[in-house]
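To start, the structure itself, in structure tokens.
Taken together, the values in this text are just the output of simple stated rules run on the coordinates, not laboratory data. From a predicted model like this one, the values you see are computed outputs, not experimental measurements. Backbone-built Cβ (ideal geometry, glycine too); neighbour counts: all protein chains shown.
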Amino acid sequence: MGSQVAPPADVRFTVVAAGTDALDLVVRFGPRDYPVRLSAAEASELGLALLATASVCADVAHPVEPGTVVENCFFPVLGWTAGEVAPQRPALALRIAESTEIAFQFGPETARACGRDLARTGRDPWRLRLRRVLAALRPSGIAPPQR
């Protein structure tokens, strides 16, 4: 007689507000619920760790050793959607793992500042762009001045 393996339990997760600075993470195994009370800070820490670990583990090109503790990471952005959730309420949704999307709502000025900062990081610094322009204007065969 061979060993019998139990079918995997039906596991579901629900998060329920439980008053000021409290929430319940409810883990359902089959027909039973197991609530875990968390503070907002604990939930933030757990949420970040879960997102980071899911993102790292989903990266098949860079496998992670079993037992590795992941608390945070630089999330690779696989895609994004930008727009407005309402007039003057810009929003940005980032896809950071297979089917994980996280959305952010900005105030108008914060959205502009964020966009400017991101645009700046994608460009060479001004001094390097200026050197290229000056080098292109210099006649051939003339070396730049030495310091």
Estimated distance in nm for a label pair at Phe104 and Val85, the labels positioned 7 Å out from Cα along Cα-to-Cβ: 1.3
Nearest 10 degrees is fine. How inclined is helix 126-137 to the longest principal axis of the chain, computing both from alpha carbons? 40
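Starting with the highest mean, order 131-137, 86-92 by the number of other Cβ atoms within 10 Å, averaged over the residues of each peptide. List each step's numbers first, then the result.
Values: 131-137: 9.4, 86-92: 12.4.
Most protected by this proxy first, the peptides run 86-92, 131-137.
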Computed lengthening from Ala49 to Arg37, 0.36 nm per intervening residue step minus Cα-Cα distance: 2.6 nm
Helix axis angle, 40-58 relative to the chain longest principal axis, alpha carbon, degrees: 70
P(r) for the chain, please, calculated from all Cα pair distances in 10 Å bins and given in %. 8, 19, 27, 20, 12, 7, 4, 2, 0
Dipole size in debye (nearest 20) for the chain around its Cα centre, Lys and Arg Cβ +1, Asp and Glu Cβ -1? 1300
Quick check: pseudo-label points 7 Å beyond the Cα along Cα→Cβ at Val27 and Thr68, how many nm apart are they? 2.3
Explain nothing, just the number: dipole magnitude of the stretch 75-139 about its Cα centre with +1 on each Lys and Arg Cβ and -1 on each Asp and Glu Cβ, in debye rounded to the nearest 20. 680
